[in-house]
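Heads up: the structure comes next, in structure tokens.
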Amino acid sequence: MVMNNAVEKYRNDHGLTYAELGRLTGYTRATVLKHCRGELSVAGKAAVRYHALLGIPLTDLCPDLFKEGAENAA
């Protein structure tokens, strides 16, 4: 299975349920599920939250908004 969604990849790599990932991030299970399925865009605040709490690179979460090296820019 090809997985292009960084949130879903993180969830699978860490063996988390949607509810567990929701508890870690402060999102509801339904919101996490929509992010993982691509039904709800992970952009702006959501991308920053996933990055800050889980360490998922911003460039993986939202490559159209964040370019390589953006995490290190101040």
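Counting Lys and Arg as +1 and Asp and Glu as -1, what is the net charge of the other residues whose Cβ lies under 14 Å from the Cβ of CYS36? Before the final figure, lay out each step's value.
Working: positive: LYS9, ARG11, ARG29, LYS34, ARG37; negative: GLU8, ASP13, GLU20, GLU39, ASP60.
Net charge in that neighbourhood comes out at 0.
Measuring max minus min along each principal axis, the C-alpha atoms of segment 26-67 give extents of 28, 20, 13 Å (largest first).
Each reported figure results from applying straightforward, stated rules to the coordinates on display, with no laboratory input. What you are looking at is a predicted structure, and each value in this text was computed from that prediction instead of being measured. Don't worry about glycine lacking a Cβ; one is built from the backbone with ideal geometry, like all the others, and counts go over all protein chains shown.
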